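The next block holds one structure in the form of structure tokens; read it before the comments.
The values are calculated or read from the model by the stated rules, or taken from the named source; none is laboratory data. Computed from a predicted structure; not experimentally measured. No Cβ is skipped: glycine too gets one built from the backbone with ideal geometry, and neighbour counts run over all protein chains shown. Please note that ligands, DNA and RNA were not included when accessible areas were found on the heavy atoms of the full protein model with its side chains. Shrake-Rupley method; radii C 1.70, N 1.55, O 1.52, S 1.80 Å.
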Amino acid sequence: QVPLKPGRSLMDWIRLTKSGKDLTGLKGRLIEVTEDELSKHNKKEDCWICIRGFVYNVTPYMEYHPGGEDELMKAAGTDGTDLFDQVHRWVNYESMLKECLVGRMAVKPIAAPKGELIHVLIILCITISGVQGLPLNGQPAVQSAASSIIILFSFFVKYIFFSLLYFLFYSYDWFQTDSLITIVIYTKQKDMNAELVIVDCQDKQLRGEIIIDDHSYLVEVDLDHAVSEDVAVTIAEKVGKVEIILNKKDNIHWKMLGQPREGHNTFIKRTDRGLFCRQCKLVSKTEVTHDTKLFCLMLPKGTHLCVPTGQHVYLKQIIAGTEVVKPYTPVLPFLPLDFQEPPRHDGVHIYLMIKIYSHGLFTQALDHLQIGDYISVSNPEGNFKKSQVQTSEDLLLLAGGTGFTPMVKLLNFALTEVSSVRTVKLIFFNKTEDDILWRNQLEQLALKDERFEVQFILSQPSKDWVGKQGNISSSLLSEFVKRSRRDSKVLICICGPTPFTEQGVQ
């Protein structure tokens, strides 16, 4: 993020969108935009961007964009969908930019001549099947009709094979007793665990999602009859079988599980699913520092959700009629000092350590929530793999401010469950002593476990500060970033404000 000019906050942008001012320059008209027309609007003073087939005039939004003008300009005059998804797929751009909508991208149909359609299909199948590569010396290769038919047939055999493979590996069934409904999902996924299963059952709607790397399998139905709020999930880890157990409200025989919803029985990339949220109740707010609080949220009774180490969730709120979404990494309620066995997830609460900014629209709204109020919480997202830690011997954590939050579960996981780890070192950068999160807990942990070391570094210390001071730099890090042995395997994790992270990576 970059510092915004005064009067360019999110609230200021919301006010502008509701002012009635023409932000597109088209006086309310919606037009069909060709690629050629889109490409002409590629300057800061005239910038159009396409996202998922819709074109927006983001020129008036330039000064309000938290990531800065340069980030928006990377997609100026082009289709910015991929770039948008890489940076912040979670943002509800339709709500944020609805007054900037220019229109829809024109679709240019490409029709092959009828006589060549079969030839094109055969060549396509030949290429896909891998039997024929690129033509030699730029000359088209010639296939006999018989060989082309054989290759076409082999392509369809492959298609049928992989379709069957999908159904064999990702399928579901259900059965019932007088009081229970059990949905069984067969994944054939080794090492299936509770973190890979997300279940939401509310108001006769069941949604069960199984995470397999960057894809997910979804069972989503409107149940035939009502069930109670209690949901149980059992997992046979070695064979990858997942059971979702529901309690019938009435002891009647179900003729069917229910009506399938749009995403039911699909196996697709997680990024194509979109955000799914549920309403969580705020049960407590605890002061951590002068401007940071620990929020405890309670999941609904019909939800099974465990946020994996290194992953985050999104909080969603409607502020002044606009949907605002922000990512936060769940933490533990405290740092355990006894590592005899892994802490058990209670399956009920999510803890978030959030810094309240005096001019932050979203965090101010969070801070004004009362105990008992509700907020939307998304499914977990993120690409961090525990295996990165499990193969490491030295774990170095570089945190700036609330960039400490992803380190909490990571620190606990490394000291609790990774036998190969010999040293865990946290280098924690803050402005002042008052900004240090969980300082006492970290110091107690360093005394309790000889594998752990913490180093606090301040950029604006008081006169009484006797520790290290300064900003992140190669000279400062060289004092602390060292191996426990000459050939030890090292993993360095870094999180903080963008300039801090970029400088740290360098």
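Restricting the range 464-494 to residues that are touching a Ser or Thr at 6+ places or on another chain (Cβ under 7 Å) and within 25 Å of Lys385 (Cα to Cα) leaves a set whose member that is modelled with the lowest pLDDT is Ser484. Here Asp373 meets each of (1) open to solvent by less than 30 Å² (accessible area, probe 1.4 Å); (2) of a type in the set (D, E, K, R); (3) over 30 Å from Asp487 (Cβ atoms) with one exception, condition (1). Residues of the range 420-434 include none that is of a type in the set (Phe, Trp, Tyr), assigned to a helix (DSSP H, G or I), outside the structural domain of Leu315 (by the TED database) and touching a strand residue (DSSP E or B) at 6+ places or on another chain (Cβ under 7 Å). Of the set (1) open to solvent by less than 20 Å² (accessible area, probe 1.4 Å); (2) in contact with a Leu (Cβ under 6 Å, 6 or more places away or on another chain), all apply to Val418 but (2). Just one of (1) modelled with pLDDT of 95 or more; (2) in contact with a Leu (Cβ under 6 Å, 6 or more places away or on another chain) fails for Leu396. It is (2).
Restricting the range 423-440 to residues that are closer than 16 Å to Ala399 by Cα and polar (S, T, N, Q), the residue that is least open to solvent (accessible area, probe 1.4 Å) is Asn430. Which one is modelled with the lowest pLDDT, of the residues in the range 361-381 that are outside any loop (DSSP other than H, G, I, E, B), over 30 Å from Gly208 (Cβ atoms) and in contact with a Leu (Cβ under 8 Å, 6 or more places away or on another chain)? Of everything passing the filter in the range 361-381, Leu361 is modelled with the lowest pLDDT. Looking at the range 247-346, the strands (runs of 3 or more DSSP E) lying wholly inside it that each contain 2 or more residues that are more than 23 Å from Asp435 (Cα to Cα) and open to solvent by less than 60 Å² (accessible area, probe 1.4 Å) sit at 266-269, 277-287, 313-319, 322-328.
Residue by residue, here is whether (1) farther than 27 Å from Thr329 by Cα; (2) open to solvent by 70 Å² or more (accessible area, probe 1.4 Å); (3) part of a loop (DSSP other than H, G, I, E, B); (4) out of contact with any strand residue (DSSP E or B) (no Cβ under 8 Å at 6 or more places or on another chain) holds:
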position	(1), (2), (3), (4)
Gln460	no, yes, yes, yes
Lys463	yes, yes, yes, yes
Ile472	no, no, yes, no
Leu477	no, no, no, no
Asp487	yes, yes, yes, yes
Leu491	no, no, no, no
Ile494	no, no, no, no
Glu502	no, yes, no, yes
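Within the range 204-246, being open to solvent by 40 Å² or more (accessible area, probe 1.4 Å) and of a type in the set (S, T, N, Q) holds for Gln205, Thr234. Taking the conditions (1) touching a Leu at 6+ places or on another chain (Cβ under 7 Å); (2) open to solvent by 50 Å² or more (accessible area, probe 1.4 Å) in turn, Lys385 satisfies each one other than (1). Sort out which residues of the range 183-200 are open to solvent by less than 10 Å² (accessible area, probe 1.4 Å) and in a strand (DSSP E or B), and write them in order of number. Scanning the range 183-200 gives Ile183, Val184, Ile185, Val197, Ile198, Val199, Asp200. What number of residues within the range 446-458 are among the acidic types (Asp, Glu) and surrounded by fewer than 14 Cβ atoms within 10 Å (Cβ to Cβ)? Here the count works out to 1.
One line per residue, one yes/no per condition, for (1) farther than 30 Å from Lys269 by Cβ; (2) aliphatic (A, V, I, L, M); (3) in contact (Cβ under 8 Å) with a residue 60 or more places away in the chain:
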residue	(1), (2), (3)
Tyr351	no, no, no
Ile354	no, yes, yes
Ala365	yes, yes, no
Gly382	no, no, yes
Glu393	yes, no, yes
Val421	yes, yes, no
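When residues in the range 264-298 are screened for being over 29 Å from Leu218 (Cβ atoms) and hydroxyl-bearing (Ser, Thr, Tyr), 4 of them pass.
Of the numbered criteria (1) at positive phi; (2) in contact with a Phe, Trp or Tyr (Cβ under 6 Å, 6 or more places away or on another chain), the one Tyr64 fails is (1). Based on this model, can you work out whether Phe295 counts as over 25 Å from Asp203 (Cα atoms) and of a type in the set (Phe, Trp, Tyr)? Yes.
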